[in-house]
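Structure first, commentary second.
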Amino acid sequence: MHRGITAVLIAVIPVVVLAQAQAPPVPAPPPPVAPAGEAVKVVDLITPEGSALFGAVWKNMDAKIVEGPAMPNAGPAWKTSYDVQPHAGEAGFDDSSWPVIDAKDLGARRGGGKLFMTWFRTTLTMPAKVGDLDVTGMKAVLSVTVDDYAEVWMNGQLPRAVGKPSPQVIAGFNMPNRVLLTAALKPGEKVQIAVFGINGPISVAPSNPVFVRQAQIELLR
């Protein structure tokens with residue numbers, strides 16, 4: 001009798017385990033979209049005063065394309081792959097050796113033209129007040145426009161979804177990336193930002209340099 005029950009359990013348990021292993025993954029939530037509407041206050045980060053208000057110390061380093069081996073599943077015709085270095089958006093990235101730049105130099109022209117890429121990194125610390133305005137609990141949005149394209153990493157993440165608005169990836173030609181930093185601002189909260197800038201259109205390899213047209217914090221109720 002006991003042997004019969006044991007045999008049934010042995011037969012059933014692998015099926016249950018297999019069913020659990022093959023359960024479809026829970027879909028990731030869509031990337032957060034910054035709220036529309038008129039900001040109560042706007043802080044210009046391309047000024048010493050604006051960056052200082054958020055404790056922002058900016059660092060910059062150019063990126064380059066490097067060659068590596070092809071992926072294991074690449075077809076026989078492809079022996080190499082190409083990557084961007086450094087991967088400066090990732091969590092825990094060490095930028096201690098990077099040069100510090102003044103806030104106003106976000107707008108400085110960089111690169112020799114054609115296919116050129118560069119990184120800007122900083123940590124934003126949420127203030128309690130902006131002027132006389134108590135900003136606790138408000139929404140904070142980073143709006144940054146890079147000539148010509150940008151990707152904006154926040155706290156080591158670049159969320160994106162197929163066929164859905166993904167504000168942190170390329171938004172359009174010289175268009176702002178509006179990234180929701182927090183839906184309820186807490187004074188002292190820190191947000192690590194890495195902005196990847198590239199000139200474009202990429203297939204044209206234009207002669208223009210890369211620079212930040214605007215970088216600001218929008219505070220909304």
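Derivation of every value follows stated rules applied to the coordinates shown; laboratory data play no part. Note that the structure is a prediction, hence the values are computed from the model and not measured. Ideal geometry is used to build each Cβ from the backbone, glycine not excepted, and the neighbour counts take in all protein chains shown.
Criterion first (surrounded by 14 or more Cβ atoms within 10 Å (Cβ to Cβ), out of contact with any His (no Cβ under 9 Å at 6 or more places or on another chain), in contact (Cβ under 8 Å) with a residue 40 or more places away in the chain and more than 21 Å from residue 169 (Cβ to Cβ)) does residue 138 satisfy it? Taking the combined requirement at face value, the residue satisfies it.
Can you pull out every residue in region 110-132 that is basic (Lys, Arg) and buried (at least 16 other Cβ atoms within 10 Å of the Cβ)?
Step one: list which residues in region 110-132 are basic (Lys, Arg), which gives 110, 114, 121, 129.
110, 121 - these are the residues of region 110-132 that are basic (Lys, Arg) and buried (at least 16 other Cβ atoms within 10 Å of the Cβ).
The single condition from (1) acidic (Asp, Glu); (2) closer than 21 Å to residue 201 by Cα; (3) touching a strand residue (DSSP E or B) at 6+ places or on another chain (Cβ under 6 Å) that residue 95 fails is (2). Of all the residues in region 183-221, those that are closer than 10 Å to residue 140 by Cβ and either of a type in the set (A, V, I, L, M, F, W, C) or crowded, with 16+ Cβ neighbours inside 10 Å (or both) number 8. Taking region 25-138 and the strands (runs of 3 or more DSSP E) fully enclosed by it, the elements with 3 or more residues that are within 25 Å of residue 181 (Cβ to Cβ) and not hydroxyl-bearing (Ser, Thr, Tyr) are at 41-44, 58-69, 117-125.
Could you tell me whether residue 81 is within 30 Å of residue 131 (Cα to Cα), among the polar types (S, T, N, Q) and surrounded by 11 or more Cβ atoms within 10 Å (Cβ to Cβ)?
Numbers: within 30 Å of residue 131 (Cα to Cα): no; among the polar types (S, T, N, Q): yes; surrounded by 11 or more Cβ atoms within 10 Å (Cβ to Cβ): yes.
So residue 81 fails the test.
Screening the candidates 169, 191 for the property of being farther than 18 Å from residue 109 by Cα and assigned to a strand (DSSP E or B) yields one hit, 191.
What's the total number of residues in region 174-188 that are in a loop (DSSP other than H, G, I, E, B) and either β-branched (Val, Ile, Thr) or within 16 Å of the chain's Cα centre (by Cα) (or both)?
Filtering region 174-188 down to residues in a loop (DSSP other than H, G, I, E, B) leaves 174-176, 183-188.
Narrowing the set further to residues that are either β-branched (Val, Ile, Thr) or within 16 Å of the chain's Cα centre (by Cα) (or both) leaves 175-176.
Number of matching residues: 2.
How about region 194-221: which of its residues are under 18 Å from residue 64 (Cα atoms), of a type in the set (A, V, I, L, M) and in a strand (DSSP E or B)? It would help to see each step written out before you state the result.
The initial filter retains those residues of region 194-221 that are under 18 Å from residue 64 (Cα atoms), namely 194-211.
Subsequent filtering for residues that are of a type in the set (A, V, I, L, M) retains 194-195, 198, 202, 204-205, 210.
Across region 194-221, the qualifying residues are 194, 195, 198, 210.
Evaluating residue 148 against the criteria (1) more than 28 Å from residue 65 (Cα to Cα); (2) among the charged types (D, E, K, R); (3) surrounded by 21 or more Cβ atoms within 10 Å (Cβ to Cβ) leaves one unmet condition, (1).
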